[in-house]
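The values are calculated or read from the model by the stated rules, or taken from the named source; none is laboratory data. As the structure is a prediction and not an experimental result, all values here were calculated from the model. FYI the Cβ positions are ideal-geometry reconstructions off the backbone, even for glycines, and counts take in every protein chain you see.
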Amino acid sequence: MVKVDGSGGKSLIQVRDLDKTYRRAGEEIHVLQGLNLDVESGEFVAFMGPSGSGKTTLLNLLGGLDVPTRGSITVAGDEVTNMSASSLTRWRARHVGFIFQMYNLIPVLNAFQNVELPLLLTKLSKAERRAHVETALSVVGLADRMNHFPRQLSGGQEQRVTIARAIVSDPTFLLCDEPTGDLDRKSAGEIMALIEELVEHHNKTVLMVTHDPLIAARAHTTLHLDKGVLVEGKMSQAAPAGSFA
Amino acid sequence: MKFARIIFANLLRKKVRLLLTLGSFAVALFLFAFLAVVRDAFGRGADVAGADRLVVINRTSIINTIPLSYRDKILRIPGVKCITHNNWFGGIYQDEKNFFPQFVIDAENQRQVFPELVVPDDQWAAFLKDREGAIVGARTAERFHWKIGDRIPIKTTLYGGGSWEFNIVGIYHGAQPKDDETQFWFQWDYFEERIPQAIKGQVGWYVLRLNSPDDAVAVSKAIDDEFANSTSETKTQTESAFAANWVKQFGNIKFLILSIGTVVFFTLLLVTGNTMAISVRERTSELAVFKAIGFSDRAVLFFVLAESLIIALIGGLAGLFFAVLAVPALGRALNGLLPSLVLSKPILGLGLVLAIVVGLISGMLPGIMAMRMRVVSALRRV
């Protein structure tokens, strides 16, 4: 169940009174203002909103890539906002899987090596890493492409590798920033089907930013950000008042 | 090491650039080794000089001679163990390009004063018996393919001119690789016999051995005092000081080589630093991804430094390897103008250390930039 009024209990992701302010040319820009959010495990949430509304900023804060000006973010009981930079790095490795619009694969590494990257930070043996990587690539349907380099893959396949890299270490949640933004409609549909499968069959929690209402419609919940405030939502199924589930 | 694949994959990403950077290191280290070897050779005289040896020359200059009669007077000075005398011959073998130093020696005492230049006893005995005999250093003998029994003509424009004939009766070797094996010795008696009357009884310089190196100052002063106010005043100095003064005639070699070396390494630092900076800038978004998925700032710094260090090591080792091959050729090309050129282990070690230092410094700045890079800003640049 997703809530935006700060009334959630012990949810997986708890955001309280979150502010993010940038200072540019002496002027303060309030990107996020007093934002509250509760996301339960296994939810698939889409954030929509016009450019500059703070969607990516929110995603960066949730992923521990940026720090808020005020407020707190708690994930699985860990308050992210109080962590040092090095603790935050370790926390990201353990809890967050990133899926970027531009895939951001390492071009000099093949699909297997790209997916293996997060596991290099663990104490897994080489054989264990191989098993995990092969499983992740099988989940995204690229078991037969593991020796291919990014330049040898289509956009959709590259994004699948990115998804495999994001899930290989079994993180607490996935953050997707416009995951289909650079894909044609068919590939986008396939990627969304894959993300849905991760949610439905692998019980992954997914937070996704998108401009596309059709893509957003496939999430359990769509939240709209406007000028830094969660102003409205779309209920995809019956839920109590004040919550979006 | 599980990160090795990442490091090597990044290294090989731009192969032409990698080769050029490796080449820069190789050329710089090659030059370094060459300069160090030449500098070493110029300083060799001072290095190999016996601590217990003094050289007595004419106070006016080394080209002015000293009477042979000084020999016995010097020997009487307390602290002097033995003495020999030499003259510069300055002859030409077939062609002026075939330079090698020829010395007139005091056959009775040369071996006692220079025990490190080893002549087999039977060859020395043959030398003493043959007035026209000559002992030649192993390098010079090898250079001209001389062997014992050969008769060698050497022309000179000094000492009345003409062609002097010598019988090669012995070949000396240095006790250590750095000892000079290029000299040609022949007997004082033969020399005295052939030179004009007006210049007979004059030696170029004396070299003497002391009972103890601690006596060097006192004995030097005693010798110079002994011949003060004479027609041929003397200047006595340790053999190392004499060798150092000799090198000074060529200019400040050490400063020159140090200057060139500094410029070479500073340029190398700029080239590799710039290359690494470009390489890191090109990979900003990739490094941001590494950091996003949990690689620490230190890991990113490590990747950049490791790349830089590997380039430095491979390039440096290649340069030093080529220097090892090329130094003997340089020695041959110089035709004995310098004592033997030796690329010693300390030079190789220093070269490697310099390569590592340059590699680390050139990788440090881009590495720190990568380390401090904000992931959010870097990802936005994609």
Within region B:360-382, work out how many residues are more than 20 Å from B:L268 (Cβ to Cβ) and among the small types (G, A, S). 3
Subset of region B:143-159 [surrounded by 13 or more Cβ atoms within 10 Å (Cβ to Cβ) and over 22 Å from B:R194 (Cα atoms)]: B:R143, B:F144, B:W146, B:I148
Does region A:22-39 hold any residues that are more than 23 Å from A:A76 (Cβ to Cβ) and either surrounded by 10 or more Cβ atoms within 10 Å (Cβ to Cβ) or touching a Ser or Thr at 6+ places or on another chain (Cβ under 6 Å) (or both), and which are they? A:Y22, A:E28, A:I29, A:H30, A:V31, A:Q33, A:G34
Helices (runs of 4 or more DSSP H) wholly inside region B:270-382 containing at least 2 residues that are surrounded by 21 or more Cβ atoms within 10 Å (Cβ to Cβ) and under 43 Å from the mean Cα position of the chain (by Cα): B:297-333, B:345-372
One residue is enough: does region A:142-161 have a residue meeting the conditions closer than 19 Å to A:V108 by Cβ, outside any loop (DSSP other than H, G, I, E, B), in contact with a strand residue (DSSP E or B) (Cβ under 6 Å, 6 or more places away or on another chain) and in contact (Cβ under 8 Å) with a residue 12 or more places away in the chain? no
Could you pull out the residue among A:D212, A:D177, A:D184, A:D170 that is buried (at least 21 other Cβ atoms within 10 Å of the Cβ) and of a type in the set (D, E)? A:D177
Within region A:190-207, identify whether any single residue is among the hydroxyl-bearing types (S, T, Y), within 27 Å of A:R90 (Cα to Cα) and not in a strand (DSSP E or B), and answer yes or no. no
Quick one: in region A:69-117, of everything that is facing chain B (nearest Cβ under 7 Å) and small (G, A, S), which residue is farthest from A:R165 (Cα to Cα)? A:S86
Please list, ordered by residue number, the strands (runs of 3 or more DSSP E) wholly in region B:19-107 having 1 or more residues that are not assigned by TED's automatic domain parsing to the domain that holds B:P153. B:53-58
For B:G160, only one of the following conditions fails: (1) at positive phi; (2) free of Cβ contacts under 8 Å to residues at least 12 places away in the same chain. What is its number? (2)
Can we say A:H148 is surrounded by 16 or more Cβ atoms within 10 Å (Cβ to Cβ) and more than 22 Å from B:L379 (Cβ to Cβ)? yes
Can you tell me which of (1) touching a residue at least 40 places away in the same chain (Cβ under 8 Å); (2) under 21 Å from A:C176 (Cβ atoms); (3) more than 8 Å from chain B (Cβ to nearest Cβ) is the one A:T122 doesn't meet? (2)
Near pairs, Cβ below 6 angstrom, 6+ apart or cross-chain, from region A:54-68 (within 20 Å of A:H211 (Cα to Cα) and at the interface with chain B (Cβ under 8 Å from one of its Cβ atoms)) to any residue that is buried (at least 23 other Cβ atoms within 10 Å of the Cβ) and not small (G, A, S): A:G63/A:V96; A:G63/A:L175
Only one of A:G181, A:G233 is of a type in the set (G, A, S) and either assigned to a loop (DSSP other than H, G, I, E, B) or modelled with pLDDT of 90 or more (or both); which? A:G181
